[in-house]
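Quick notes on the structure that follows.
Please treat every number below as a calculation from the coordinates, not as lab data. Quantities reported herein were computed from a predicted structural model and do not represent experimental measurements. Cβ: placed from backbone, ideal geometry, glycine included. Neighbour counts: every protein chain shown.
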Amino acid sequence: MSGNTLIWAHDDMLGPHQPPFRATPEAPCVVVLDPAVVAARLYGLKRLVFVTECALALPNLRLRKGETVAQVLAVADELGCARVATVTTPCPQLSGFMDALAGRIELERMAPDPFVIPRRKLDLKRFMRFWKKVEDVAFLPTHRQG
């Protein structure tokens, strides 16, 4: 990634060890608190506090309130960034924002770090069977430091 990259940190990448932060640790970062997203997802006060506290731990942060795509593009324009980097997500709403951004600015979608790296084959039919196999590694660090 080049020096004119903006990192868009969304709900599924609120940690400072995600791939875009490792690829360009000096890049500015934007987190958008979108009232429409908050309302649609029925976020309560505790969730908003959690998201905000996670955002405040991110490097080179610009915290914005407003419509997500417009705010990401505005910050990119203000900082002279020609591209946006983020991580992929299974969330249809966030993926829609990514599609909208990709039509207006160069967008790099990186694969997120896995939540768990299992030591054996998983049975995903029942959560408890899954959890019993991964609980010993679930809270180990998964980010690569370098």
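Summary of values
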| item | result |
| --- | --- |
| Eligible lysines near residue 46 by straight Cα distance, threshold 27 Å, same-chain separation 8 or greater | 65 |
| Candidate lysines for bridging to residue 132, where Cα separation is under 26 Å - those fewer than 8 sequence places away on the same chain excluded | 121 |
| Net charge dipole size for region 5-113 [Lys, Arg +1 and Asp, Glu -1 on Cβ; Debye, nearest 20] | 220 debye |
| Rounded tilt (10° steps) of 68-79 against the dominant C-alpha axis of the chain | 60 degrees |
| Region 5-113 shape via C-alpha gyration tensor axes, a/c threshold 1.5 | rounded |
